[in-house]
1. For Pro560, work out the one condition from (1) part of a helix (DSSP H, G or I); (2) farther than 25 Å from Ala203 by Cα; (3) not β-branched (Val, Ile, Thr) it doesn't fulfil.
2. Just to verify a result, which residue in the range 505-536, among those that are among the small types (Gly, Ala, Ser) and within 22 Å of the chain's Cα centre (by Cα), is nearest to Leu837 (Cα to Cα)?
3. Based on what the data block shows, is Lys143 under 30 Å from Cys668 (Cβ atoms) and charged (D, E, K, R)?
4. Given (1) in contact with a helix residue (DSSP H, G or I) (Cβ under 8 Å, 6 or more places away or on another chain); (2) in a helix (DSSP H, G or I); (3) crowded, with 24+ Cβ neighbours inside 10 Å; (4) of a type in the set (A, V, I, L, M, F, W, C), where does Leu658 come up short, assuming only one miss?
5. If Phe871 passes every condition in (1) surrounded by 17 or more Cβ atoms within 10 Å (Cβ to Cβ); (2) in a helix (DSSP H, G or I); (3) assigned by TED's automatic domain parsing to the domain that holds Ser764 but one, which one does it miss?
6. Would it be correct to say that Ser806 is in contact with a Ser or Thr (Cβ under 9 Å, 6 or more places away or on another chain), free of Cβ contacts under 8 Å to residues at least 60 places away in the same chain and buried (at least 17 other Cβ atoms within 10 Å of the Cβ)?
7. Show the residue pairs meeting these rules: Cβ distance below 7 Å; 6+ apart or different chains; first residue within the range 607-618 and small (Gly, Ala, Ser); second residue buried (at least 20 other Cβ atoms within 10 Å of the Cβ).
Amino acid sequence: MHINILVFHQSYFDPTNFHFWVNYHFKCTISSRSNKQTSYLLCTSGKMDVPAVNTSFTHSQPQSWAGQNHITSAMSPTSWKPNANCPPTYHYPYMNPKHQSSTEVSLAPMTHKPSESRYGLDPQLLPSVVQVIKEDRVQWEGKVFVSKSKSSVPPLSSTRCTLEDRGNATPHFIRCTTYSFPVDVQSAQKSHLPLGATVHPLAVPERGERSVPVCEAGDCVKGCGHCGAFMSPALSWQDCGQRFYCPFCDKLSEVPWQSYQPTNQGRRVDLERKPELSLGSYEILEKRMSNAAVLVLAIDVSASAMRTGHLEHICQQICSRLQILQGTEGADQSDLRVGLMTYDSRIHLYNLSPTLSRPHMMIITDCEEMELPVMEGLLVPLKDCRHIVERVLQEIAFFKPKSDERCGSQDLPVSAAVKIFQASESPGKLLIFHSSPLTERTDEKSSSVFFSSSKLKSIFQGPDSSTSLAKECVNQGCCVHTFVFSHQEVGGAWPGHIPFLTGGGLICYNSLQSEMEQERFQADLSRCVNMQMAFKAQLKVFVSKEMRISGCYGAFIAGPDSSRVAMAALDWRTTMAFEFTHNKSLDEARGVAIQFVLSYSTSSGESRKRIHTVTLPCSHQLLDTFRSSQAESLLTFYCKKMYSLALETPLQSLREELQTEVTEMLACFRRHNCTTSASPGQLVLPQFLKALPVYINSLRKSEVLLPGLRGSVQQRLQLRCLIVSMDTMNTASQFYPHIQPLPVSGSNTNMPSVEETVRCTASSLDQGGLYLIYCPLALLLWVGSRVPPQTLLQLFNTNSFSSLTSGKIKLPVLENFLSISTRDLICSLQSQAAVTLQLKMVKEGDSCEESLQHLLVEDKSPNGGASYADFLFHLHVNSFRLIV
């Protein structure tokens, strides 16, 4: 079906008021997904001036479309290959924006008018993330995607389908920026498309999918003896199975006689019985055992901490959690060794040995050159010391510190814990409960202040002392989790550098006086203690000989070797990104192979190695590279790269670099991959990159890269560390949140599914509607001013809009369909988040509606970021300039 529309619109060219005609051409071609061509063609003619995308402006009214004309296709139909997807084309008006007035960014409550573009574009005609996700679900929902060598582009991370491993690691574990690498370095540089992969090594397969198989080390076929790569389907067999070729080092290896099996048509006869021969992901259980992980608790008992009144509740929650660990989690948790310390300006260690009549306290006053007085009794199995720990915790609340006792640094218990872990030769978790004001550790040898060095330091860089201490934690496998109960937005050190660099986290609370904050703390503590983690993790990356690893990005301390990453611990949510560069031209017949090997120890002390391998095709045609790219994978890669480079690179440079890369990428696709039938003013987007501009714009104007007037440094530091380790699905949701309408009619007994979302723009919010807005770090309930009173009564137990109060709320438990279904949906969304999300209600027209404006990523943001329509127009103009 072809729909061809021509629109003639009369506009004014300021300042001469010269009338000129702008021709809009719109073409839409629809066909089946297997040979899909979806084109939106908007052609223009005229003269224009383009301002910077982050300048402030007022929107003009969107222009309507009318008329009709014929236009030829942007791509030749003969160029299609099986399962290839035609890039759609987008054309935008050449409008002179000088007649638009410039204003400052307004922080007033938002008005829910249709989203408008400065250049007269109708945002509703632009590519939609919601539509892209919907189309992918129609194609893959409930079906099976087979991940095999040189397979096609996988379904989106948000699509519920079964992923089957048949020689390539599934997209649960590895997603690539493109699934067809350029053969030579010239083509790769010309494309400006990053060649990278994001790895999610401990991802949990969905229900109904096969878990990662585990095999004994002695039963596995040994890998390459030259480079150390592990056996995988990427290694090819020769000489009837006596030797195999390794693509990672380009050498042949002999097969030991104990592992020899003949081959049939290049495949070993025991292929189906050996996971390492047939699957892209498998795990090796080593015979070597290490010490089991331990749990150390550190509680702030300084005078200022006592005055907060939080200690009693903290100790009660710790006692409850230890009781659950011993009583319901089985014998393995009962054998967990536990240690306890308290601190102010000194360290107080406790001998928890059950042979003592009462626990002994040991005080360390010299905290600069810290040494443990004794080791016996500092770590005791939980089943033997729980009653002793509970007794100490009960007495902590009644401590009477000296009134002049100064607060200690939050890094102090980390130093003591590292000594304990080193003495016991064990990895483990350190839980710090800090209630006093935050202080920065002073170090005369290295200062973290901006003016103490000629080298410019970023606000995201931690103090040298914290980085050094984090390295010690990584070497020992000490994972730090810090709970902060003092509200301090200005001044003081940010205590999150060490926790996030060691695989842990930082959670802050305003106060534990409210019931909601207490419930949040209880949920966070439970998740932290129960979270299964891999300790003393080492990630080794192998790539085909013709390529090298040029960058690694994530929440870890980068070392000199980009192919090796060391982490104190990581959980099943942690994701990292790696970038690859050509050494020489690839072999098109062999393709490119990538292997990730994660070595770690479990909480019980088992030593394991998890191997993930993918083999991708390569092509001389850049069109294949662009067609095989995926927007959400590029977003995840760019996010990790930009947020990691923010440690040393000015933010303005990062924003410019990001926009330049995307502009060059689109210009390259237009210049080298489009036929002459495409008009000169055409912006061309590959099929799977339709959502890339809105994703990139959202990343550019995020609080981390473009700070707002009201955002604090601590909030930006927290956001960066949380987002940089997210997987693809959560990253995409973070930069394009889900907005789900809730039923407002009393007769409606069908709750909309999670998939039924609307676009992230103010025009999507109806004044008579209820909307649940979700991203991994926020959960909002927007209430329109014209919601029926009956609906308000069913959900909030009041029929008056004016009686509702914006802010954190807990929905009342009411026995009706709307209340039950909404609370179930909220619980489902909260269970998916890495942190405990508190529901925040936002009333239409309320001053706190600014928190919602940050999530409406298609609109202009409060911190001055451009709208999606204007950013896309800017990309079009700059890419067109590069072409001509």
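The values are calculated or read from the model by the stated rules, or taken from the named source; none is laboratory data. Keep in mind the model is a prediction, meaning the values are calculated, not measured. A quick note on method: Cβ atoms are made from the backbone with ideal geometry, for glycine too, and the neighbour counts reach across all protein chains shown.
1. Here Pro560 clears every test but (1).
2. At the first step, the residues of the range 505-536 found to be among the small types (Gly, Ala, Ser) are 505, 511, 514, 523, 526, 534.
Checking which are within 22 Å of the chain's Cα centre (by Cα) leaves us with 505, 523, 534.
On the way: Gly505: 15, Ala523: 10, Ala534: 25 Å.
Only one residue tops the list, namely Ala523.
3. no
4. Unmet condition: (3).
5. Here Phe871 clears every test but (3).
6. Yes.
7. Ser607/Ser601
For (1) touching a residue at least 60 places away in the same chain (Cβ under 8 Å); (2) surrounded by fewer than 22 Cβ atoms within 10 Å (Cβ to Cβ); (3) among the hydrophobic types (A, V, I, L, M, F, W, C), each residue gets a yes or a no:
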{"site": "Phe521", "(1), (2), (3)": "yes, yes, yes"}
{"site": "Ala537", "(1), (2), (3)": "yes, no, yes"}
{"site": "Phe542", "(1), (2), (3)": "yes, no, yes"}
{"site": "Ala555", "(1), (2), (3)": "yes, no, yes"}
{"site": "Ser562", "(1), (2), (3)": "no, yes, no"}
{"site": "Met567", "(1), (2), (3)": "yes, no, yes"}
